[in-house]
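Peer 1: The structure is given below, and queries will be raised subsequently.
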Amino acid sequence: MNLKDEIIKLKEELDVTLVAHFYQRDEVFELADITGDSLELAKKAMETSSKYIVFCGVGFMGESVKVMSPEKRVLMPKIACCAMARMIDVDYFDESLAKLNAMGVSTEELLPITYINSSAAVKARVGEMGGMVCTSSNAYKIIEKGLKSGKKIFFVPDRCLGQNFAKSLNLKSTVIGDGTDPKEADIICYDGFCSVHQLFSTDDIEFYRNKYPDILIAVHPECDPKICDMADFVGSTSQLITYIKELDPEQKIAVGTEYNMVNRLRDKNTYILSSTKPECPTMNETTLQDVYNCLKEIKDGKEVFSNEIFVNDNVIKWAKVALQRMFEV
Ligand code: 13P
Ligand code: SF4
């Protein structure tokens, strides 16, 4: 039996749900019971009744499921860490607050919002301070809600997402350390970014617009603000998929987001907005063999797994508060 059939058979036998993000390799994605963007996966995985969640994605996604459903055993065939999520931890978070305090913005004046691409520990710190989590699908609503507190938003870790949503809400943003005065800003961004979404350039947009004058450009809000400003549409992974599927089949479109996802949508009129192959290296780490190995450990009745997600109780308590505030919106 080949690996794919072995996995299908093991899934049928075990009390397990296989979850995969849109950026996973095709062969892994095709076998998943639940697929989606980070928001959809967090919601759907939490709602399943399976004892085991086998999550093909990056570390913060598995952690979010564990935080929302601590009774479940969350296994990741590969514990791959999102490069952006690694750019901030609780110490960096606190150092940033200290820098802002030194620049005349007190902690009491700030409401933190963390992009879901962050560790559970950072989410917990945000939850303790009265803040919330957001994803690229709901950032607009979450920031709008946060502003109702009358405080400035301290947005971590993605400076691009923070700047892009500030612009769409007609707000003033700043990035810590860029030389501007945070006292003047409505949204103060931490200086993190996604190395994959930084790959799209204004040259790529010009190239496609010169070649096909009627082409549409659609990008993810993790792209640099100058790319988003030039695009016809900016949306999260699911929003991009819906937008592309609803277009006239003859409409050409170039899409600026992760390669595996765009490639799945590709036809004669859908292009990847890059001259390179913008794959997320960590999302690509999970192979069919890893999925098989993970399921086999469950089948063999192991009690200690190679790649189980654990989150400490205090972190669960506060990260859950931050995530729940997001789900309420
Ligand atoms: P989505 O929230 O759109 O799934 O994005 C997650 C991500 O990591 C994008 O790079
Ligand atoms: Fe993280 Fe970027 Fe990969 Fe998304 S594409 S998981 S933000 S490194």
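Peer 1: Here is a list: Val67, Val74. Which entry is in a helix (DSSP H, G or I) and touching a residue at least 60 places away in the same chain (Cβ under 8 Å)?
Peer 2: Numbers: Val74 fails: in a helix (DSSP H, G or I).
Val67 is the lone residue from the list that is in a helix (DSSP H, G or I) and touching a residue at least 60 places away in the same chain (Cβ under 8 Å).
Peer 1: What are the residues in the range 21-32 that are under 14 Å from Tyr292 (Cα atoms), part of a helix (DSSP H, G or I) and either of a type in the set (Asp, Glu) or away from ligand 1 (no atom under 16 Å from the Cβ) (or both), if any?
Peer 2: Hit for the range 21-32 is Glu27, nothing else.
Peer 1: Let me ask something additional. Being touching a Pro at 6+ places or on another chain (Cβ under 6 Å), at negative phi, outside any loop (DSSP other than H, G, I, E, B) and away from ligand 1 (no atom under 16 Å from the Cβ) is true for just one of Leu18, Leu100. Which residue is that?
Peer 2: Working: Leu18 fails: touching a Pro at 6+ places or on another chain (Cβ under 6 Å).
Being touching a Pro at 6+ places or on another chain (Cβ under 6 Å), at negative phi, outside any loop (DSSP other than H, G, I, E, B) and away from ligand 1 (no atom under 16 Å from the Cβ) holds for just one of Leu18, Leu100, which is Leu100.
Peer 1: Right, another one. Does Thr174 meet the test of being away from ligand 2 (no atom under 16 Å from the Cβ), in contact with a helix residue (DSSP H, G or I) (Cβ under 7 Å, 6 or more places away or on another chain) and not aliphatic (A, V, I, L, M)?
Peer 2: Numbers: away from ligand 2 (no atom under 16 Å from the Cβ): yes; in contact with a helix residue (DSSP H, G or I) (Cβ under 7 Å, 6 or more places away or on another chain): yes; not aliphatic (A, V, I, L, M): yes.
Judged against the criteria, Thr174 is a match.
Peer 1: Exactly one condition in (1) aromatic (Phe, Trp, Tyr); (2) away from ligand 1 (no atom under 16 Å from the Cβ); (3) open to solvent by less than 60 Å² (accessible area, probe 1.4 Å) is false for Phe55; which is it?
Peer 2: (2)
Peer 1: Is it true that Thr48 is free of Cβ contacts under 8 Å to residues at least 24 places away in the same chain, open to solvent by less than 50 Å² (accessible area, probe 1.4 Å) and β-branched (Val, Ile, Thr)?
Peer 2: On the way: free of Cβ contacts under 8 Å to residues at least 24 places away in the same chain: no; open to solvent by less than 50 Å² (accessible area, probe 1.4 Å): yes; β-branched (Val, Ile, Thr): yes.
Spelling it out, it is not the case that Thr48 is free of Cβ contacts under 8 Å to residues at least 24 places away in the same chain, open to solvent by less than 50 Å² (accessible area, probe 1.4 Å) and β-branched (Val, Ile, Thr).
Peer 1: Name the residues in the range 58-95 that are open to solvent by 40 Å² or more (accessible area, probe 1.4 Å) and within 15 Å of ligand 1 (Cβ to nearest atom), would you?
Peer 2: Glu63, Cys81, Ala83, Arg86, Met87
Peer 1: Which of (1) surrounded by fewer than 22 Cβ atoms within 10 Å (Cβ to Cβ); (2) out of contact with any Ser or Thr (no Cβ under 9 Å at 6 or more places or on another chain); (3) under 23 Å from Phe22 (Cα atoms) is the odd one out, the single condition Thr114 does not satisfy?
Peer 2: The single condition Thr114 does not satisfy is (1).
Peer 1: Sticking with this one: In the set Ala98, Ala120, which member is open to solvent by 40 Å² or more (accessible area, probe 1.4 Å) and farther than 25 Å from Leu288 by Cβ? Quick ask: steps written out before the conclusion?
Peer 2: Values: Ala120 fails: open to solvent by 40 Å² or more (accessible area, probe 1.4 Å).
Checking each option against the conditions leaves just Ala98.
Peer 1: May I pose another question? Condition first: within 16 Å of ligand 1 (Cβ to nearest atom), closer than 14 Å to Thr276 by Cα and either part of a helix (DSSP H, G or I) or not polar (S, T, N, Q) (or both). Now tell me which residues in the range 193-212 satisfy that. Explain how you work it out, then say what you get.
Peer 2: Let us first name the residues in the range 193-212 that are within 16 Å of ligand 1 (Cβ to nearest atom), namely 193-200.
Okay, now just the ones that are also closer than 14 Å to Thr276 by Cα, so 195-200.
Result: Val196, His197, Gln198, Leu199, Phe200.
Peer 1: Which number in (1) under 30 Å from Lys151 (Cβ atoms); (2) open to solvent by 20 Å² or more (accessible area, probe 1.4 Å); (3) away from ligand 1 (no atom under 16 Å from the Cβ); (4) part of a helix (DSSP H, G or I) marks the one condition that Lys11 misses?
Peer 2: That leaves (1) as the condition not met.
Peer 1: Still on this structure, I have one more. Scan the range 87-106 residue by residue and report those that are farther than 23 Å from Cys194 by Cβ and of a type in the set (Ser, Thr, Tyr).
Peer 2: Hit for the range 87-106 is Ser106, nothing else.
The values are calculated or read from the model by the stated rules, or taken from the named source; none is laboratory data. Everything numeric in this text was worked out from a predicted model, so none of it was measured. Quick reminder, even Gly has a Cβ in these numbers, built from the backbone with ideal geometry, and neighbours come from all protein chains shown. SASA here: full protein model, heavy atoms, side chains in, ligands and nucleic acids out. Shrake-Rupley method; radii C 1.70, N 1.55, O 1.52, S 1.80 Å.
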